[in-house]
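Visitor: Please read through the structure below; I'll follow up with questions.
The values are calculated or read from the model by the stated rules, or taken from the named source; none is laboratory data. What you see is a predicted model, and the numbers here were worked out from it, not measured in a lab. Because the Cβ atoms are built from the backbone with ideal geometry, glycine has one as well, and the counts that use them run over all protein chains shown.
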Amino acid sequence: MPDGNGSSPVNPLLLALGFASLWTAVASPLAHLDHHLLTAHMVQHLVLMIVAAPLILSGVRPARLEPLRVISAHPVFCWFAGTFTVIVWHIPAVFDLALRSHFWHAFEQASFFLAGMLFWWPVIQPLRHAETNWSVPLYLFFATLPCDALSAYLVFCGHIVYRPYLSGSGHFHLSPLEDQALAGALMWVSVTFAYLIPALFVTARLLTATGSRTAEVGAL
């Protein structure tokens, strides 16, 4: 329901969940495992981009996100912002830089969160105003493809991609190669569900609306 100013109200539950997941990614004990396990590092990325960002975006009043609306004027820009961030930070040299430097690690985490806010904007804003169209399912479907390719590479390549994890201390009895395969599989499954479930929801809504309009026309 809109508030007295005609804008959607803050949703305290979504905001609380969003900030709790943000804290989990950057300040909880999980945050201290990311230099030892690629899986923990991958969980950080996923929580920041596909959990914290959409929850906070859904929970805050749209009027407070006006700067984000101006930046994300076109869905293509938002799509490339999300995809580019994921791909670039998984280039081995760039990934290693974030592991060696506190500054670049913090910058990496911030960029995943901000890219997540941009990426989810063209999905969540139309849903808020019941203005979704077929571009949303296509937007989400095509976003899975680069992530699927990266995930499959990590799972099946058969060698360690990120050399700092070669000296892993066997946390949770995982070898470095097992850790890498688990991280890739986690990304593969999580992104697929996080992107395709909303795509299916929007598709069902659009098909229902189309069916209703067709029935109305047939009744005339």
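Visitor: Among the residues of the range 94-110, is any part of a helix (DSSP H, G or I) and touching a Gly at 6+ places or on another chain (Cβ under 6 Å)? I'd like the intermediate steps shown before the answer.
Guide: In the first step, residues of the range 94-110 are kept if they are part of a helix (DSSP H, G or I); the result is 94-100, 102-110.
Retained after the next criterion (residues that are touching a Gly at 6+ places or on another chain (Cβ under 6 Å)): none.
Checking the range 94-110: not a single residue is part of a helix (DSSP H, G or I) and touching a Gly at 6+ places or on another chain (Cβ under 6 Å).
Visitor: Still on this model: Show the residue pairs meeting these rules: Cβ distance below 8 Å; 6+ apart or different chains; first residue within the range 24-46 and assigned to a helix (DSSP H, G or I) and modelled with pLDDT under 95; second residue surrounded by fewer than 19 Cβ atoms within 10 Å (Cβ to Cβ) and polar (S, T, N, Q).
Guide: L30/T24
Visitor: Of these, F113, F141, F84, F156, which one is under 30 Å from L207 (Cα atoms) and either modelled with pLDDT of 95 or more or not acidic (D, E) (or both)?
Guide: Numbers: F113 fails: under 30 Å from L207 (Cα atoms); F84 fails: under 30 Å from L207 (Cα atoms); F156 fails: under 30 Å from L207 (Cα atoms).
F141 is the lone residue from the list that is under 30 Å from L207 (Cα atoms) and either modelled with pLDDT of 95 or more or not acidic (D, E) (or both).
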